[in-house]
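Chemist: What follows is a structure written as structure tokens; I'll ask about it next.
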Amino acid sequence: MQRIIQTAVTLSHRNSRSRSNSRCSLSQLAHTRSSVQDSNDLLIPKMPHFDYSPPPYTGPSSAEILKKRKEYLSPSLFHFYNNPLNLVDGKMQYLYDENGRRYLDSFGGIATVCCGHCQPDVVEAIVNQTKRLQHSTVLYLNNAIADFAEALASKMPGDLKVVYFTNSGTEANELALMIARLYSGCHDIISLRNGYHGNAAGTMGATAQSNYKFNVVQTGVHHALNPDQYRGVFGSDGVKYAKDVQDIIDYGTSGHVGGFIAEAIQGVGGIMELAPGYLPAVYDSIRKAGGLCIADEVQSGFARTGSHFWGFEAHGVVPDIVTMAKGIGNGIPIGAVVTTPEVAKVLTYRNYLNTFGGNPVCSAGGLAVLRVIEKEKLQQNAFVVGSYLKERLTALKEKHEIIGDVRGRGLMLGVELVTDRQLKTPAKAEILHIMDQMRELGVLIGKGGFYGNVFRVTPPLCFTKEDADFLVDVMDYTMSKM
Ligand SMILES: Cc1ncc(COP(=O)(O)O)c(C=O)c1O
């Protein structure tokens, strides 16, 4: 590897137009030279051309930022990469570091940037609204929140047309769980092992991954067997897993439940798509037990899955409550709960207020996001490019033993790495090495899963086929060098 970096350094000094030559690496080479042969006769993949130069960066260095972060920010903060990356600019599917070096963003700020970084229409809507009125609270009227709610409701099936805005996914799920408990008069909630729903008291209870659970009071949640098609005992037979939910109702509750919450594709859990047939059977059991069905669309919503606008739609179910965040605002802090007029009535029993939820700026930005998804046909793009990318990643699995599974849909894909395909031994150290090397070549990719051994591919939905090729070529190149 060292020899390749040396080659890269020499070549990039000769060819790079980057402002700084002080930190040359493979990533510079990846977008300055095509078809460069490394010392092992492998071609170093070239990043697709992109016509944008970020303005000069005059802020503090990454070392200074890291020092401040260590001194003044929570010690709980962690970062990707041994040598953390300082990102200062973004344009559509690309990010730029302090030296103006470009990276392909295959993670989208954790499945959040859907329209592209600094998408002009979204920026314009936010700026215009900010100039006019930034905040007033919902105690007064304003068109932005009403217009956005109307547009959002138009994307929902059935009678799901009452919107409550929050500031995050955690808040949206906290509210949804409370609504289910109030409506049903029952405290018991069922969620899935390996699910992630947030980090406040109620949502930490619904979350079922020890890494994200503190030892604090989290009452009233039962965690059902995960319909995990890769490691699960029943393979892809969703109906068999669903029996566990019925068993929990029968053996672990009074026979009545408050509700059920699940992601259609578990994001933090490593892009795990629930086994087919699971959700219809579970929704049936829950409704018979008097509970409400909550779809957590925080990651899988807003056209990311390509085949549908919402992840649950691929399972042929209509939830009673849908929660969302991340993609809803393309990066601005907003979340929402959507439910039916009948269910929404429970919130009138007391005062319920969220100071910032649906403030004019976030609402204007959110409305612009919906319009851009439509105007730019981003759902179709997620379907076409996502299907192509999945095909290419699946082909890569034939070549590299370390790839145990390729899964997901649209631009929400997972690549699980294992050191032994039979035993499915998580390749925890290997994934860190590959991730670091991919960054050197100009590709940023996410990581997750219970064992931390799954690549998460959740880029902005404007990702192109050329970007997909570059991502796969870089992964292939990196794995070939191991
Ligand atoms: C599926 C899901 N639900 C809820 C949340 C919590 O959202 P937030 O971090 O905005 O509170 C997340 C965050 O990653 C998530 O992936």
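The values are calculated or read from the model by the stated rules, or taken from the named source; none is laboratory data. Not measured: the values here are computed from a predicted model. Glycine also receives a Cβ, built like all others from the backbone with ideal geometry; neighbour counts cover every protein chain displayed.
Chemist: Name the single residue, out of those in the range 448-482 being out of contact with any helix residue (DSSP H, G or I) (no Cβ under 6 Å at 6 or more places or on another chain) and among the basic types (Lys, Arg), that is nearest to Ala111 (Cα to Cα).
Modeler: Per the stated criteria, the residue is Arg456.
Chemist: Please determine whether any residue of the range 365-377 is modelled with pLDDT of 95 or more, within 16 Å of the ligand (Cβ to nearest atom) and over 27 Å from Glu466 (Cβ atoms). Spell out how you get there, then give the answer.
Modeler: First, the residues of the range 365-377 that are modelled with pLDDT of 95 or more: 365-377.
In the following step, the residues that additionally are within 16 Å of the ligand (Cβ to nearest atom) were identified as 365-366, 369.
Okay, now just the ones that are also over 27 Å from Glu466 (Cβ atoms), so 365-366.
The answer is yes, given that some residue of the range 365-377 is modelled with pLDDT of 95 or more, within 16 Å of the ligand (Cβ to nearest atom) and over 27 Å from Glu466 (Cβ atoms).
Chemist: If you don't mind, there's one more thing I want to ask. Of all residues being among the small types (Gly, Ala, Ser) and in contact with a Gly (Cβ under 7 Å, 6 or more places away or on another chain) in the range 350-386, which is surrounded by the fewest Cβ atoms within 10 Å (Cβ to Cβ)? Just the residue, please.
Modeler: Residues of the range 350-386 that are among the small types (Gly, Ala, Ser), as a first pass: 357-358, 363-366, 368, 382, 386.
Filter again for in contact with a Gly (Cβ under 7 Å, 6 or more places away or on another chain), leaving 365-366, 382, 386.
Details: Gly365: 27, Gly366: 31, Ala382: 29, Gly386: 25.
Restricting to residues being among the small types (Gly, Ala, Ser) and in contact with a Gly (Cβ under 7 Å, 6 or more places away or on another chain), the top hit is Gly386.
Chemist: Residues Glu124, Glu171: which one is surrounded by fewer than 22 Cβ atoms within 10 Å (Cβ to Cβ) and assigned by TED's automatic domain parsing to the domain that holds Gly267? I'd like the intermediate steps shown before the answer.
Modeler: Working: Glu171 fails: surrounded by fewer than 22 Cβ atoms within 10 Å (Cβ to Cβ).
Selected residue: Glu124, the only one of Glu124, Glu171 that is surrounded by fewer than 22 Cβ atoms within 10 Å (Cβ to Cβ) and assigned by TED's automatic domain parsing to the domain that holds Gly267.
Chemist: Here's something else I'd like to know. Could you tell me which residue of the range 305-338 is surrounded by the most Cβ atoms within 10 Å (Cβ to Cβ), considering only residues that are among the hydroxyl-bearing types (Ser, Thr, Tyr) and either within 12 Å of the ligand (Cβ to nearest atom) or over 15 Å from the mean Cα position of the chain (by Cα) (or both)? Don't jump to the end; show me each part of the working.
Modeler: Filtering the range 305-338 for residues among the hydroxyl-bearing types (Ser, Thr, Tyr) gives 305, 307, 323.
Still in the list and also either within 12 Å of the ligand (Cβ to nearest atom) or over 15 Å from the mean Cα position of the chain (by Cα) (or both): 307, 323.
Values: Ser307: 15, Thr323: 32.
By that ranking, first place goes to Thr323.
Chemist: Out of the residues in the range 136-161 meeting the condition of being assigned to a loop (DSSP other than H, G, I, E, B) and of a type in the set (Gly, Ala, Ser), tell me which one is farthest from Trp310 (Cα to Cα).
Modeler: Kept after step one, since they are assigned to a loop (DSSP other than H, G, I, E, B), are these residues of the range 136-161: 136-142, 154-161.
Add one more test, that the residue is of a type in the set (Gly, Ala, Ser), and what stays is 136, 154, 158.
Values: Ser136: 31, Ser154: 13, Gly158: 13 Å.
This residue is Ser136.
Chemist: Going by what's in this entry, would Leu396 be described as in the same structural domain as Gln37 (by TED's automatic domain parsing) and either in a helix (DSSP H, G or I) or of a type in the set (A, V, I, L, M) (or both)? Show your work before the answer.
Modeler: Details: in the same structural domain as Gln37 (by TED's automatic domain parsing): yes; either in a helix (DSSP H, G or I) or of a type in the set (A, V, I, L, M) (or both): yes.
So Leu396 passes the test.
Chemist: Restricting to the range 277-304, count the residues that are closer than 25 Å to Cys186 by Cα and more than 16 Å from the ligand (Cβ to nearest atom). Spell out how you get there, then give the answer.
Modeler: So in the range 277-304, the residues closer than 25 Å to Cys186 by Cα come out as 278-298.
Right, trim to more than 16 Å from the ligand (Cβ to nearest atom) and you get 278, 280-292.
Result for the range 277-304: 14.
Chemist: In this structure, does Leu177 turn out to be touching a helix residue (DSSP H, G or I) at 6+ places or on another chain (Cβ under 6 Å) and in the same structural domain as Gly301 (by TED's automatic domain parsing)? Give the steps one after another, and end with the answer.
Modeler: Working: touching a helix residue (DSSP H, G or I) at 6+ places or on another chain (Cβ under 6 Å): yes; in the same structural domain as Gly301 (by TED's automatic domain parsing): yes.
Yes: the conditions hold for Leu177.
Chemist: Can you work out which of the residues in the range 115-165 that are within 24 Å of Tyr52 (Cβ to Cβ) and among the acidic types (Asp, Glu) is farthest from the chain's Cα centre (by Cα)?
Modeler: Glu124
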